[in-house]
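The values are calculated or read from the model by the stated rules, or taken from the named source; none is laboratory data. Only a predicted model underlies this, so the values are computations on that prediction, with no experimental measurement involved. All Cβ positions, glycine included, derive from the backbone under ideal geometry; neighbour counts span all protein chains shown.
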Amino acid sequence: MRTMKRVAAVALSVVVLMTSGVSAKAAVTDVQPAKSSSEAVLKWQWPEKGNGQAYQTISDLKIVGKYVYLANNATKKVVKLNKDTGKVEAEHNFSDSCKLDYYADIEYGDDKIYVGYANNKVEAFDADTLKPVWISEDTGHSVTSKMTYKNKKLYFGTGSYGDTDTSYYVLDTKDENDKSENETKTVKAIVKSDGGRFYWKKATEVGKYLIVSDTVGNLTSIDTTDNSVVQTKKTEITFSGSMAYDSTYSKIYFVGGVNKLYGIKVNEDGTFGDLEEKVQFCDTGYSSMTPIVYDGKIYVSGNNGESFSSDAKYKGYFGVASIGKDKTELNYVLPITNYAQCEPLLTKTTDGSVQVYFTMNAEPGGIYSVCDSKDAKVNSIFEPTDKNEINYCMRNIYADENGTMYYSNDAGYVFAVGKKAAGTVKPTESTAEEKPATKPSSEATTVVNETKVKPVTKTVKSTRSVKLTWKKKKSAKGYVIYAKAGKGKYKKVTTVGKKTSKTIKVNKDSSYKFKVKPYKLTKKNKKKYFKAYVAKAKFGSKTVKVTFKNVTGYASYKVQMKAGKAAYKTVKTTTKGGTITYTKKKAKVGTTYKFRLKGINKVNGKTVSVTIK
C-alpha cells in the first residue's frame, strides 16, 4: 500500500471543453460518464498488459486537447498519449538523475508541460514535442505539492515526509533562451511553512488570490498581481487534504482533525475571517481527501478509524452536508469499504441528480460513485481484473467532453474508461456494497476483510559522500562524471556545467575510481567530447537509510535505531503508514546500524506497542 495522499475544487458547474489548449480537470463538469458498471467499457490501458511497473510512480494526469500527459518514474520520461487510442505520440527523458516523488504532479500552461521532481526541481517541456525548455534551480526540498499555473507563472510547494520549514514558490514560465534546453530558472520563495510542509497541497484560486495551506494548518493568502503575502492565519488544525471554495458565501472549506469540517471566509481584500467549526462526519479517524462544493452541498470522504489491516468491512465513509451562510447541516454519512484520497469528480446527470466519482486507496484500484439521494449507495463503475493491474489508488479521475474517464493506479497503469453505445447496456447487479446511508456512528461492523494485505518489507542502504575535483579543461562547457566500483566498468553518474567539483553519493561497500569527460558545444548545439581524465576523490560522511514498505494497521509508528552495541533508541515517530523512511546522517564509518519498526495502538485505553519488522 502506498502512503496516504490527494485538490481543491471550485464550485462552478462548467462544461469541460476539449479543444486544443484547454485542459480537462477533475472537479465539476456537465458531461456524463458511465453511471454503472454495465455502462462502462475499458477503451484502452497504457502500457499494454503485463508491462506495468507496480509502485513505480505515474504522476497525476493532465488532459489537454487530444492528448493525455503524464510523467513515468519507471522509465524516467514525460509521456504524451493519444487520448482516443492510448498510443504514445511523444516522450522525452527527464533531465540527468531526476526522478519523481510518490505524489508527483504535472501541470499545463503557456504551451508547456511542467513536471515536479524529488530532486527539488521543476522541469518544463514543450507540450507539442516534449523537448526540454528549462529546468528550475534547486529548491532544497522535493517538489511534492500540486502545481498551479496562472498568468504565465507557476506556483508550487515542497516538502516530503519528515521535512519541516519548507517553502511555497513561484517562477516565471517564459522561455528566455529558446536556443537552450538547459536554461536554469530562478525560483522565488513566497511562503515558508512554520513547522510543516506543502506535501500534496494545492492552492485554491479566489479571484486574484491564491489560498494555500501547509500540513500544520497555516493558511496563506497570496496576491498574484505581485506575489505578495496578504495574510497568514494559523488555524492550528492539522489536515492533509486541500481546500474547496464556495463562491456563494466566499468561504473555503477543509476537513481537519478528527473528520471535522471547517470553514473560513475570504474577504474581498484577500484577508481571512474567523475560523468556523461546522460539522463532524465521524467521531474517529481522519480525512485526507479534498472536499468538493456544488449547489449548496459539500461532499467528502475519510477514514472512520479502522486500520487497513482490521477485519471491519467498512473502513471509510462518504459524507454529504448542506452549507448555508450561517448554518451547516449534516445530511448523511455512507459507510464504504475504504476511503477516497483523491479530488472527486462531480457531474449533474440528465435527470437532475448529482453523481460523485472517486477512487479508493485499496485494491483493486477502480472507479466508484455515489448518486446523491436519500437512498444513496456506492456503485462500482470500473475495476481492473488482471492481477498485474490490481493495486491501490489515490489518483484523481478526469473526464473529457465524451464522458470518458482517465486515471492511473499504483500498478503503473493508465486506464481510459468510456461508455457503451446506446442499446448495448444490459441490466446488471452492482459489484460494490449497497448499504443504505446512515447518520454518523462510531460503531464498526466486524466481518471478513476481503482486502489482501502485503507483507511489510525492510531495506537498509548505506552510502558515503564523495567530493570530486578535477582540472579545468579550456573551452569546456561541461563535464560528464563517471564512476567505477571495484573491478566493474565505468558508468555515467551525472553531468555538470563549467564548475570543477561535485559532491556525489556512492555505496559504502565498494572501492571507487572516478573520471570526467569534458565536452563543448558545436554550432549545431551538439556535444563534442574531449578525452576523459582522472578526478580526485575525497570521501566524506556516511549515510544510512532504512525503508519500511507496506506498513498498515496501527495508529502510529516508531522507527528505532541501534548503533553498534548500544540499545535501541527511537529516532522517528509518525502516524502515516505505507512507506516509512529514516536517514541517519553523519553515521560513523565502521559502526553497524540496525533498525526496527514498532506499531502503536490504544486497546481499552492502554497503549500497546508491537514490533512489526
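Data table
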item: Test for Ser95: is it small (Gly, Ala, Ser) and surrounded by fewer than 23 Cβ atoms within 10 Å (Cβ to Cβ); result: yes
item: Of all residues in region 516-545 being within 30 Å of Thr591 (Cα to Cα) and exposed (fewer than 15 other Cβ atoms within 10 Å of the Cβ), the one that is modelled with the lowest pLDDT; result: Ser541
item: Spans of strands (runs of 3 or more DSSP E) in region 511-613 with at least 1 residues out of contact with any Asp or Glu (no Cβ under 6 Å at 6 or more places or on another chain) and among the aliphatic types (A, V, I, L, M); result: 512-521, 536-551, 556-563, 569-574, 578-587, 593-603, 606-611
item: Qualifying residues in region 322-350 (those that are among the hydrophobic types (A, V, I, L, M, F, W, C) and under 25 Å from the mean Cα position of the chain (by Cα)) - the one farthest from Gly365 (Cα to Cα); result: Leu346
item: Among the candidates Ala411, Ala416, residue that is assigned to a loop (DSSP other than H, G, I, E, B) and at pLDDT 70 or above; result: Ala411
item: Residues (surrounded by 15 or more Cβ atoms within 10 Å (Cβ to Cβ) and of a type in the set (D, E, K, R)) located in region 151-171; result: Lys153, Asp163
item: Qualifying positions in region 483-493 - surrounded by 14 or more Cβ atoms within 10 Å (Cβ to Cβ) and not in a loop (DSSP other than H, G, I, E, B); result: Ala483, Lys484, Ala485, Val493
item: Residues of region 296-351 classified as among the polar types (S, T, N, Q), more than 17 Å from Phe254 (Cβ to Cβ) and not in a strand (DSSP E or B), total; result: 8
item: Within region 202-239, considering residues that are part of a strand (DSSP E or B) and among the hydrophobic types (A, V, I, L, M, F, W, C), the one surrounded by the fewest Cβ atoms within 10 Å (Cβ to Cβ); result: Val229
item: Answer from Tyr332, Tyr392 - the residue that is under 27 Å from Ser59 (Cβ atoms) and among the aromatic types (Phe, Trp, Tyr); result: Tyr392
item: Test: residue in region 434-457 that is modelled with pLDDT of 85 or more and in a strand (DSSP E or B); result: yes
